[in-house]
Structure formats: C-alpha cells, structure tokens
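So the structure is just underneath, and the comments pick up after that.
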Amino acid sequence: MAKELYKLPPLKYGYADLAPYISEEQLRIHHDKHHQAYVTNANSLLEMMDKARKEGTDFDYKSAAKGLSFNLGGHVLHDYFWWEMTPESNASKEPVGELADVIKEDFGNFERFKKEFTQTATSVEGSGWVALTYCNDTKRLGLMQIEKHNVNLIPDYPVLMVLDMWEHAYYIDYKNEKAKFVDAFWNIVNWEEIDKYFKKIQNMGME
C-alpha cells in the first residue's frame, strides 16, 4: 500500500480577506510558494528514503534527518499559522473562554501577554517563530522562540498559537519594520478557535 504524503492545507478564507493587515500578494506568495516548498521538499525526502529502503541502498542519514526536521517543521508551523487567523470582521480583539482566564492568571492581564509575546517575536534572531505553548504537567502557558522551524523546541510542549517571523511572512507589506507586522497580527487572531484548541490540549493531558 502506498504511503500518504503531505499536502498543502487550503486556507479557510480568501487571499484578500486578511487585508489590510496581510495583503493578497503577501498571502499568496507565503502560502502558495513558501509553504508549498516545505511540503514539496519533505515529500521528496520521504520518497527518496522509501526508494532507498526498497532497493536496499544507503543515503545520507544525517542530511536526510536534518532536512526532514527543517521542512516538516516549516509545514507544521505554517499549518498552525493559517488556521489561527481570520478576517477582522470575525476576530475578537482579546482572548476568550478558558484561554482568556489562564492568560490573566499566568501573565497578569492581556496587555502584559501581548507585550511579552511581541518582544519575544521581534527579538527572534534571523529567521524563526514565536509560539504560545502550554505545559500539561505544570498547567502553565509559556512563550517559545523557535529558530528556523526546528531549533529551540521544547519536547512535549504543545503549541497553541504561532507567529511567523521569517522575512517572507511580512516583507512585501512591511519591509524591515517587523514590529508593525506584529501589531497588525493582533487584529486578525481567531481567539475562539485557539480557545477551542486549548480545551482540546487540556483534555489530551488528562488522558
């Protein structure tokens, strides 16, 4: 039986629907070109390894493992990024539900959370991400600064929300002013969906 390969996830909104915060041109290139490249590269590596195993030949194991980690990391993080956003007309300006309560408990208030998330995002060195995470052992939210797509990850800390801080995520719209991109992001966060996912993560920790 042929194994499944990774697929580029469709967006749940139109390419122009996140404007003016993310332009149609920016979103098309980011989703259709950059994310697609990670999917294509990950699938190429899987196909190469499948072929080598079938034929009984060797390949560069170190390079393959590194490449798969990088490209799959890019695929997974982008998948989070797309679903956690929504057109401004559907977005609430602040967290909702249980997530709102835990943010208040752990950070003091939403403004403090925004400040820490923003500073973590804008201080990413080179290319990377900022992620809101949750530890089911300590029941605490945390912020994770991910270099590239796969460096500085904390094992077993589920990701709740991410922001892509690679230049390809914002350069068309904001040039080198990445702080403006972060400020714009707060207008299109789908807090209701993130809260639903937060509840799911908590339930998984109870199993």
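GNM on the chain, alpha-carbon springs under 10 angstrom: the most fluctuating residue among PHE59, PHE107, PHE70 is PHE59.
Among LEU45, LEU18, LEU141, the largest mean-square fluctuation in a Gaussian network model of the chain (Cα springs under 10 Å) belongs to LEU45. Each part reduced to its alpha carbon centroid, the stretch 139-161 and the stretch 73-134 end up 12 Å apart. Amide hydrogen proximity for LEU160: with H placed 1.01 Å from N in the peptide plane, the residues at 5 or more positions away or on another chain lying under 5 Å are LEU132, THR133, TYR134. Residue order for HIS168, HIS149, fewest other beta carbons within 10 angstrom first, comes to HIS168, HIS149.
Here the dipole of the chain is about 300 debye; that uses its Cα centre as origin and unit charges on the Cβ of Lys and Arg (positive) and Asp and Glu (negative). If you run the Gaussian network model on the chain, springs between alpha carbon atoms under 10 Å, then out of ASP60, ASP79, ASP106 the most flexible one is ASP60. What the Cα convex hull of the chain gives, in volume per residue, is 140 Å³.
Placing +1 on the Cβ of every Lys and Arg and -1 on the Cβ of every Asp and Glu, with no other charges, gives the stretch 1-48 a dipole of roughly 120 debye about its Cα centre.
What FRET efficiency, computed as 1/(1 + (r/R0)^6) with R0 = 22 Å and r the Cβ-Cβ distance, is obtained for GLU177 and THR40, rounded to the nearest 0.05? Here the calculated transfer efficiency is 0.10.
In this structure, the pairs whose alpha-carbon distance is over 26 Å, taken from LYS104/LYS175; LYS93/LYS180; LYS33/LYS115, are LYS104/LYS175; LYS33/LYS115. Within straight-line reach of LYS62, meaning a Cα separation under 24 Å, sit the following lysines at least 8 residues removed in sequence or on another chain: LYS3, LYS51, LYS54, LYS148.
Annotation: for a label point projected 7 angstrom from Cα along Cα→Cβ of ASP101, residues of the stretch 139-174 with backbone N closer than 19 Å are 139-142.
3J(HN,Hα) along the stretch 191-200, derived from phi through the Karplus expression 6.51 cos²θ - 1.76 cosθ + 1.60 where θ = phi - 60°, amounts to 5, 5, 5, 5, 5, 4, 5, 4, 4, 4 Hz, with x in place of Gly and Pro.
The phi torsions of the stretch 4-12, fed into the Karplus equation with coefficients 6.51, -1.76 and 1.60 and a -60° offset, translate into couplings of 6, 10, 6, 10, 5, x, x, 6, 8 Hz, rounded to whole numbers, with Gly and Pro shown as x. At full extension, THR122 and ASN203 could sit 26.0 nm farther apart than now, given 0.36 nm per residue minus the alpha carbon distance.
Values in this text are rule-based calculations from the coordinates and carry no lab data. A quick note: this is a predicted structure, and the numbers were derived from the prediction, not measured. Positions of Cβ are generated from backbone atoms using ideal geometry, with glycine treated the same way; all protein chains shown enter the neighbour counts.
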